[in-house]
């Protein structure tokens, strides 16, 4: 995960979502929802968002309707963040417009942050922006991306990959995860959580794409209610010592069955999930309270300030004090 911004932003950050003929409507709409709606009431200078046509408008979507916009690739050259939505399935074997590739390379060279949603990773790959990097795309297209661009370390299991200046996300809804991650980086967990609540989506999903390739658990499966209740119990008792054995007993499962069910449901292990949830709680407390780090460590289940600092740095690549100082300034 990328480190936090070195300095807070006081000006509006410009996001350009660049589209071509065949653009997928949902993936295009995700950055519009996250970055394009005025959320200045949250107390931070919200993004300025533009839809930019990489080809002569109106742009025809993959569903047949057209999209008109006054903005073109010249605006991409001025943006702080550039988003490339899903590349149409019929276009995966086609070379993107050279002007679009040039605009993306130029934006990257001058320091813009570049994001792709779903198969938009193929466009970033064609521009050479993923060479030597870890990246992801929809699990259905991951093999094709890896075969066509062997210099890319394609990870088909994750929801998104943050390489700092270049970020890629998996299919469809994973674009929401990535965009909320960007909001979290720019404005902190509390603001990102507020946006997620208004979108009626989780602020942070655990696990990877593997949990969506096959349905891991149905509501009618024996024990599913007790398992769900156990997850809720874990979230409500993050300050306590939670063992796999204890949680398995609460869910009426053996520890091995519980661990297997946990990975199938969340895409990760109970221990990794707990650490992430505790770090998220620590982020919120650092942003919204004046509690000392020692107390926050206890409230989050890390026990000591040293334990909190260790896991906080592993997950966020920064310290609790730097995080608090950064996002207190943003919210000031």
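Since every read-out is calculated from the coordinates, none of them should be taken as a lab result. Bear in mind that the values here come from a model prediction, so they are computed numbers and not experimental data. Don't worry about glycine lacking a Cβ; one is built from the backbone with ideal geometry, like all the others, and counts go over all protein chains shown.
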_Restricting to region 61-83, and then to whatever is outside any loop (DSSP other than H, G, I, E, B) and more than 24 Å from the chain's Cα centre (by Cα), can you tell me which residue is nearest to residue 99 (Cα to Cα)?_
73
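Tally time: how many residues in region 156-172 are touching a helix residue (DSSP H, G or I) at 6+ places or on another chain (Cβ under 8 Å) and assigned to a loop (DSSP other than H, G, I, E, B)?
We begin by selecting, within region 156-172, every residue touching a helix residue (DSSP H, G or I) at 6+ places or on another chain (Cβ under 8 Å); these are 156-157, 159-160, 162, 165-172.
Pick out the ones that are also assigned to a loop (DSSP other than H, G, I, E, B) and you get 156-157, 159, 165, 170-172.
Of the residues in that region, 7 qualify.
May I ask you to list the residues in region 119-135 that are in a loop (DSSP other than H, G, I, E, B) and either in contact with a helix residue (DSSP H, G or I) (Cβ under 7 Å, 6 or more places away or on another chain) or more than 12 Å from residue 163 (Cβ to Cβ) (or both)?
127, 128, 129, 130
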_Every residue from region 312-332 that is more than 14 Å from residue 184 (Cα to Cα) and crowded, with 21+ Cβ neighbours inside 10 Å_ = 312, 320
